[in-house]
Structure formats: C-alpha cells, structure tokens
Amino acid sequence: MQLEEALRARIADLQLPPDSFVTIAGPADFAELSDINSEAVAYTGEDVYGRQDEAFFARIHGLGAVLMLIRVDGRAQGYTVAGPAARMAGLFADEPDKGLLFGTALRAGIRGMGWQRRVIDLRLAALFDAGFTAGKAFVSPWNHGSLRNLLAAGLAVVSHDYSYYGQHRFIVERPARGWCQTKEALQREPLPPQGGLEPHRALLAAGWKGRAVERDGPALVYGQAEAC
Ligand SMILES: CC(C)(COP(=O)(O)OP(=O)(O)OC[C@H]1O[C@@H](n2cnc3c(N)ncnc32)[C@H](O)[C@@H]1OP(=O)(O)O)[C@@H](O)C(=O)NCCC(=O)NCCS
C-alpha cells in the first residue's frame, strides 16, 4: 500500500473532536502551512523548531512526503507530515526502508488538547501499513512536551545530531514491532537547560536508548533495548 493511501485509510478511522478534520494537503495549501509554521517558530524559537516555508513543502511533497492539514471549526489550525526518510533527509540515505515524521505544528488555539499524540499515532500506523520497518523523527532536547509525546508513542531516542538543522536534535525511532527491553538497568539524565548534552551523547554513543521523560527535572530515562 502507498503511504498516502494508508494515511487516507487511517484518517477515515480517526475518532476526532466535533467539527475537526484531518485532510491531505496539496500545493494550494502550502502558503497556509507556511503561516502555521511561522506562528509555531515564533512560539518555540527557530533553534527548537525549524522554519518550513512554501518552497520546503513543495520540495518534500515532490520527494514523496504526505502533508496533512488539521481543520477545526472551519479553520486550518495545524499541519503534520510523514514521508520516506531516505528521500527527505540525506542524513538517512542509507535507511531506505524507514519513514520520517517530519514536523507537526499547531496554532495556539488547539495546543494542549492531545493533537500531537493523535497525529504521531496516525502517521506511525500508516507508515507500518505502507511497509516501512520503522518511523523516525527529529526533536529538540529543549522541546520537552514534544519529546514526552514521541516517547509515550513508543519511539526512543537513538542518537544525537547537529548536522541536519545546525541545531541540537535528538533522533527518535520506533521499529514496527516496537522496542524490547534487554536489561533492567536504567540511567537518568536531566534534560537541557538544567542538564548539559554531553552525558546524553555519551549514553547514546554507548548504545543506551532514551525511553521516557520524567517530569521531575525534567529528565530523560535511558534503558537498554533492541528492536523486537
Ligand atoms: C509541540 C506541539 C505540537 C504539542 O502539541 P499538543 O497537541 O499541544 O501536545 P499536548 O496536548 O501533549 O500538550 C503539550 C503541552 O502543552 C501544554 N499546553 C496546554 N495548553 C496549552 C496551550 N494553550 N498552549 C501551549 N501549550 C499548552 C500541555 O498541558 C502539555 O504540557 P504537559 O505535557 O506538561 O501537560 C505544539 O505545542 C506545537 O505546535 N508547538 C510548536 C511546534 C513544535 O514544537 N512541533 C513539534 C516539533 S517535534
């Protein structure tokens, strides 16, 4: 099954709040997506969530990304993106069987209502329906709410990258069958700005995986796990 077809099927099964819709976006929507991105970047800062403009959306659309709009009460209130990781980001060129969750941004009016978690679950399910073996995403170590939602959906922090955005990002990933814990041992590291990134980089380089965000700190809890 193609990714867009898989997403359409999963969208049809969504249980959404009243007057809320997720639709597949096309070129006519890219200006609206860009406006939503600008509002989100103004909220987070460009170091935490990258600028995505009309040219960016047109480029990734041409590379096989599926862009979706969230409409609530007749207004475009957010967008979310999924696509083939290797085609969308050169960093993942040697991972042709994996998908990428490539951004979710919500206007202020629908934040704090669980939309991000809903569209993480939607995109992962569709990626696996379409035959991808894993779903990946970038997330800033400062974006604690987003990191919490991604890890709660079964993704784990697998590495750190600076090269793609020229900013610090964790790379999170969930294999289709999930992560199986291989050892009981856990480690806990405070997240920035309270903690530095070096201890996180060291744990990730040693094969630990970030599994959950603890509110106290807040901190990232690491475990040993392998794809099930
Ligand atoms: C990150 C983002 C997608 C989260 O989506 P969401 O559906 O609002 O997520 P949640 O419903 O889990 O809420 C996230 C947090 O914001 C809090 N929140 C509640 N109301 C809020 C509001 N009006 N505005 C902002 N945050 C609010 C929630 O309580 C929650 O905090 P908690 O985890 O401490 O309880 C959204 O805030 C956003 O668009 N941010 C800008 C772009 C961005 O960072 N994208 C993610 C890149 S990986």
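Considering only segment 23-46, I want to know if a residue exists there that is farther than 24 Å from Trp142 by Cβ and either touching a Lys or Arg at 6+ places or on another chain (Cβ under 9 Å) or polar (S, T, N, Q) (or both). Yes, that holds for at least one residue.
Screening Gly103 on (1) near the ligand (Cβ under 8 Å from one of its atoms); (2) part of a helix (DSSP H, G or I); (3) in contact (Cβ under 8 Å) with a residue 40 or more places away in the chain shows it passes everything except condition (2). In segment 179-228, which residue that is in a strand (DSSP E or B) and among the charged types (D, E, K, R) is nearest to the ligand (Cβ to nearest atom)? If we take residues in segment 179-228 being in a strand (DSSP E or B) and among the charged types (D, E, K, R), then Glu214 is nearest to the ligand (Cβ to nearest atom).
Please identify the pairs in which a residue from segment 54-76 that is under 16 Å from Ser38 (Cα atoms) and modelled with pLDDT of 95 or more has its Cβ atom under 7 Å from the Cβ atom of a residue that is among the charged types (D, E, K, R) and not in a strand (DSSP E or B), counting only partners at least 6 apart or on another chain. Once the first residue is under 16 Å from Ser38 (Cα atoms) and modelled with pLDDT of 95 or more and sits in segment 54-76, its partners that are among the charged types (D, E, K, R) and not in a strand (DSSP E or B) give Leu69/Asp29; Ala76/Glu32. All conditions but one from (1) within 16 Å of the ligand (Cβ to nearest atom); (2) within 25 Å of Leu147 (Cα to Cα); (3) touching a residue at least 24 places away in the same chain (Cβ under 8 Å) apply to Ser34; the one that does not is (3). The combined condition, being of a type in the set (D, E, K, R) and under 16 Å from Leu7 (Cα atoms), is not fulfilled by Arg169.
Taking the conditions (1) more than 8 Å from the ligand (Cβ to nearest atom); (2) within 21 Å of Ile171 (Cβ to Cβ); (3) assigned to a helix (DSSP H, G or I) in turn, Val41 satisfies each one other than (1).
The values are calculated or read from the model by the stated rules, or taken from the named source; none is laboratory data. Quantities reported herein were computed from a predicted structural model and do not represent experimental measurements. Cβ atoms come from the backbone with ideal geometry, glycine included; neighbour counts cover every protein chain shown.
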